[in-house]
Amino acid sequence: MDSANPLGEYLRARRALVSPEDSGLPITGRRRVAGLRREEVALLAGVSSDYYVRLEQGRERHPSAQVVDALAQALRLDMEAADHLHRLAHPAPKRPASRARAERVSPVLLRMMHDWHRTPAVVLDHCLTVVAHNALGKALFAGHTYSEDLVRLVFLDPDARTFYPDWERVAVNTVGGLRSSAGTGHDDPRLIRTVGELSLKSAEFRRLWARHDIRQKTRETKRFQHPLVGELTLDYESLTVNSAPGQQLVVYQAAPGSTSEQALALLGSLTADRPDRDQAVSEKST
């Protein structure tokens, strides 16, 4: 997990990903670091090298919004990454620690999902664990060791690279989505356990987590190689659940008239006779 200086960790990680050429800086002498040097970031952001060093070291924790904007521009951050930098620089007051609670999904949302017979849908918590699904959503991810945990499915499941034909892109987006979903709550016990386990067991996860990419799960087209019905190309839309902060409703759909639509219909028919209503997965401790 990250150190007690998340702002400094983020600045170090992001400057390592920006080359001098990208920033229009001349390359002089032998470079010992990947990406930009500290003094180069300071130059591009219009702040002193000493001030920037203090930021990275955690000795300066309250940069102005104007400085944060300048750093975001120097590090070539997109809008989502820049917003994350602002949250790290100006974190919201921490709420008092509370006891672990069960992750509950609205009964109204569960009924709504159950009526979507042609549309796979899952509800994810802030660690991208499936806390609810409809029948087709369950069938889409069924048959894997980690069917109910999308992060562990990508990085720890032996079938992941077959199930996701575009595994590299899925891996990058999953780690970025985990960071975005977790926000600045790096002291969350479940997140700490998840990141710790994956960092030990997966070199790919460890490398991607160190990049500090932020990619909010919004919409995308994703390919699956399903063990029952073959290749599926599905569009998904991720919606925040306002009644349960931290939850996301992810809805998948095939293009009308496509072979993927036919494959989804076949998948639905293969699972239609199952006796359970396939709604809530379980009440998971957060």
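Every number here is computed from the coordinates shown, using simple stated rules; none is lab data. Bear in mind that the values here come from a model prediction, so they are computed numbers and not experimental data. Glycine also receives a Cβ, built like all others from the backbone with ideal geometry; neighbour counts cover every protein chain displayed.
Using the eigenvalues of the Cα gyration tensor, what equivalent ellipsoid semi-axes result for the chain when each is taken as the square root of five times the eigenvalue, whole Å, largest first?
On the way: eigenvalues 312, 92, 51 Å².
With the √(5λ) rule applied to the chain, the semi-axes are 40, 22, 16 Å.
The phi torsions of segment 122-131, fed into the Karplus equation with coefficients 6.51, -1.76 and 1.60 and a -60° offset, translate into couplings of 9, 10, 10, 8, 5, 9, 6, 8, 6, 9 Hz, rounded to whole numbers, with Gly and Pro shown as x. When the Cα atoms of segment 138-200 are aligned to their principal axes, the ranges along those axes come out at 33, 24, 21 Å in descending order.
With an 8 Å Cα cut-off and a minimum separation of 6 or more residues, compute the relative contact order for segment 107-271 in percent.
Working: 265 pairs, mean separation 39.5, N = 165.
Across segment 107-271, relative contact order equals 24 percent.
Karplus-based coupling profile of segment 149-155, in residue order and whole Hz: 9, 5, 6, 5, 4, 5, 9, with θ = phi - 60° in 6.51 cos²θ - 1.76 cosθ + 1.60 and x standing for Gly or Pro.
So for the pair THR162, GLU204, with labels modelled 7 Å out along Cα→Cβ, what separation do we get in nm? It is 1.5 nm.
Residues of segment 155-184 falling in the label zone of ARG223, defined by backbone nitrogen less than 12 Å from a point 7 Å along Cα to beta-carbon, are 162-170.
What do the square roots of 5 times the Cα gyration tensor eigenvalues come to for segment 6-89, in whole Å, largest first, as semi-axes of the equivalent ellipsoid?
Values: eigenvalues 78, 38, 26 Å².
Those come to 20, 14, 11 Å.
Take the Cβ atoms of TYR51 and ALA4, set R0 to 35 Å, and the FRET efficiency comes out at 0.95.
Note on segment 107-271: Kirkwood radius taken over Cα pairs, Stokes-Einstein applied at 20 °C and 1.002 mPa s, translational D equal to 132 µm² s⁻¹. Put simply, the amide H of ASP149, placed in the peptide plane, has neighbours under 5 Å in VAL130, leaving out anything fewer than 5 places away on its chain. Distance from the C-alpha centroid of segment 1-69 to that of segment 207-248: 31 Å, rounded to the whole angstrom. Comparing mean-square fluctuations of ARG38, ARG30, ARG15 from a GNM of the chain with C-alpha springs under 10 Å, the top value falls on ARG30. Working from label points 7 Å from Cα in the Cα-to-Cβ sense, the ALA65 to GLU21 distance is 3.7 nm.
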